[in-house]
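J.: I am attaching a structure below and will ask some questions about it afterwards.
The values are calculated or read from the model by the stated rules, or taken from the named source; none is laboratory data. Fair warning: this is a prediction, and the values are worked out from it, not measured in the lab. Heads up, the Cβs are rebuilt from the backbone with ideal geometry, glycines too, and the neighbour counts pull from every protein chain shown. Only protein heavy atoms, including side chains, enter the accessible area calculation; ligands, DNA and RNA are left aside. Shrake-Rupley method; radii C 1.70, N 1.55, O 1.52, S 1.80 Å.
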Amino acid sequence: MAQLKKIGMAAGTFSVALGIGFVMQNGDALASRFGSEDVAGPAPFAATPDTPVQLVQANLSADATAIDAEAVVAEADIALPMAETDELQVAASDVSPTAPSLEQPEPIAEAAVALPDDARLPDTQQAPVQLASIDAEVMPQIDEAPTRETVTVDVDCVPTMMAAPAAAAMVDVALVAPCHTDTAFTVHHQGMMFTAMTDEGGTSKLTVPALAQTAVIIVAFANGDGAVAMADVPEFAMYDRAVLQWQGSADVMLSAYENGANYGDPSHIHAANPGDMARLETSEGGYLMRFGDVATDDPLMAEVYTYPSGTSTTTDVMLVAEAAITAENCGNELAAQSIQVAPTGEASALDLTMMMPECDAVGDFLILQNMFEDLTLASR
């Protein structure tokens, strides 16, 4: 092992629990929660069969430079329309022999109409604007606030949970607790306990190593709400399981030295080198999982080591519980518990309560002896 100071603890400091399991007294608490109209305008001016057209020819003086309106009217022989006929009446007057010839027409002055300076054109007639009347009884009163209706939706606050077997004798757990969003809860399974959290939707998904073939998983919230789920795990007999659990930031760790490995070797499995599921599936070695939410106050923590004893050709694993001496735990009481489950389902547990060394030993490690039995083929 590494050149770290190791302090061996006597086996007499432990009390041996002859079995594991617990009974949660929930009483009635879990049972009670758990087209438009066209308007025709005046027709454009046009001669109709009923309207006689009067043609007038006036005598013009040869030296005339302007048109005398009265002379034209006097000299012109204007025929008025007959009331009894629709014929076109035309009267012709004699043309003065002194009138200019057509070959050399004399200029004719243009008629001009002089308007006074203060003359004003008539205003264009605007179409009348019609205003619709408003019925006071139909219009809502401005000083009255609109009525708001409050809709109440009932939410089932009883947590529900489902469990299903997964690879390597694991159990997938899905928790739904809509009234417990971002809330801490405790998971219980065959004496193992750890703290977990729901998300902002009140749900949580976990994968828990089975400690029994019929795995019963219980979750409990601080207010007494909870849920229970169960799953049958057919592969349970193929694996060994070791659990080390504690509360708070005790800096406790479980180490598995596989096949004669030394501290820091690739086959030294611990929290910083946990292995993975592939090692279990190929029977190469074990896999360590850590549970507990350190963001919560004084959380329950657990580490679970799984080894594929049923398929491994060589089983030689030394299991060791260790505790780092830190500024937070030096001189304080340490409490921890170990649980070990064989493929046969046989289980054993040890509880440990001890005082940590003084703070001048910060940086050293304690070897918590006899917390686990080593795994060997001879012991199978």
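J.: Explain nothing, just the number: dipole magnitude of the stretch 230-365 about its Cα centre with +1 on each Lys and Arg Cβ and -1 on each Asp and Glu Cβ, in debye rounded to the nearest 20.
T.: Dipole size: approximately 300 debye.
J.: Can you find, among Ala271, Phe291, Asn259, the residue farthest towards the positive end of the dipole of the stretch 258-298? Put +1 on the C-beta of Lys and Arg, -1 on that of Asp and Glu.
T.: Highest projection toward the positive end goes to Asn259.
J.: How much FRET efficiency would the formula 1/(1 + (r/R0)^6) give for Asn223 and Ala167, where r is the Cβ-Cβ distance and R0 is 22 Å, rounded to 0.05?
T.: After rounding to 0.05, the efficiency reads 0.05.
J.: Please give the contour-minus-distance gain from Asp199 to Thr344: 0.36 nm per residue of separation, less the Cα-Cα distance, rounded to one decimal in nm.
T.: Difference between extended and current length: 48.5 nm.
J.: Determine how large the accessible area of Tyr307 is when every protein chain is in place; take a 1.4 Å probe and give Å² rounded to the nearest 10.
T.: Tyr307 has an accessible surface of roughly 0 Å² with all protein chains in place.
J.: Calculate the tail of P(r) for the stretch 259-309: the fraction of all Cα-Cα distances greater than 13 Å, expressed in %.
T.: Above the 13 Å cut-off, the stretch 259-309 has 61 percent of its Cα pairs.
J.: Where Rh denotes the Kirkwood radius from the mean inverse Cα pair distance, what is Rg over Rh for the stretch 271-366?
T.: Details: Rg = 16.2 Å, Rh = 15.8 Å.
On the Cα set of the stretch 271-366, Rg over Rh gives 1.03.
J.: Also: Please report, in debye to the nearest 20, how large the charge dipole of the stretch 227-308 is about its Cα centre when each Lys and Arg carries +1 at its beta carbon and each Asp and Glu carries -1 there.
T.: 80 debye
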